[in-house]
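Bear in mind these aren't lab numbers, they're just calculated from the coordinates by the rules spelled out. Source: prediction; values computed, not measured. Here Cβ is always computed from backbone atoms with ideal geometry, including for glycine, and neighbour counts include all displayed protein chains.
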Amino acid sequence: MSNKIKESNITDGAVTSDKLASGTVANDRLANSSITINGNTVSLGGTLSTLPTITSSSVVITPDSEQLFTLAGTNFVSVPIVELVSSTGAVTVASAVTFNNSTSLAITTSLSAGTYYVRVENPDGGAVRSSSAILAVSNAPTWSTAAGSLGTINAGATATFQLLAYDDSSTAVTGYTLQSGSLPGGFTLAGDSTIGSISGTESGATDTTTYSFVIRATDNESQTTDRTFSITVNVAATGGGQFN
């Protein structure tokens, strides 16, 4: 019978790796499929969860009603939990999540105006939160300039007509564009973050004509609102005679 080595008989450095031939020391516990930490059994050899990613960089929806948007990414697993996190840290869980595939989710939620981070957590616990507040909840621009006629000018006259629309933070929108129709000859549309304008010196009209056109206002979130306007060019009658 071999003698057991007692812990008290082992001094520091007494047993070195070169004195232990390969395979001479066995420990059944090293081959176990679990280890115990603080009384809790932890399984070994499990599969690590695959972390999802978010590739969408900008999503815009309107506030205070159920809205549907698509989120792009990778490694989504059916069906993840989606949370919308405000700048204050408040968390709203999406009311519905549809798993389109591993790179696309359809998300339904209702949020107040603001910007939000998006967090996705797969069923296996793998999770990701967008690095920036990619979800903007905002109303489309609101026109201040009434639709319809902007005014009447005489042929050959120089004039300026102003246009104004605001976003939902009461800031003038970023741009105005002509979507359809035509302006009077000699007139052009210009716009910046303060005001839009249609200006020029009329040319080319031979008869009194009303020009109708659609102007699009665009805000910082690329939301748009169209409005129809018109300008009338008056061409005075020339010549003529009287017969008795």
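The local environment of Ser169, defined by Cβ-Cβ distances under 11 Å, has a net charge of -4 under the rule Lys, Arg +1 and Asp, Glu -1.
Peptide packing: for 95-104, 117-126, the average count of neighbouring Cβ atoms within 10 Å per residue gives the ranking 117-126, 95-104, highest mean first. Descending by average beta-carbon neighbour count within 10 Å, the peptides 77-84, 135-142, 176-183 line up as 135-142, 77-84, 176-183, the highest first. Placing a pseudo-label 7 Å from each Cα along the Cα-to-Cβ vector at Ser131 and Thr103 gives an inter-label distance of 2.0 nm. Among beta bridges identified by DSSP and lying wholly in the stretch 87-244, the antiparallel ones come to about 85 percent. With the cut-off at 1.5 for a/c, could you classify the stretch 53-137 from its C-alpha gyration tensor as rounded, prolate or oblate? It comes out prolate by the Cα gyration axes.
Would you mind estimating how fast the stretch 142-234 diffuses translationally, via Stokes-Einstein at 10 °C and 1.306 mPa s with the Kirkwood radius over Cα pairs, in µm²/s?
D = 118 µm²/s.
Beta bridges from DSSP with both residues in the stretch 53-137: antiparallel share about 90 percent, rounded to the nearest 5.
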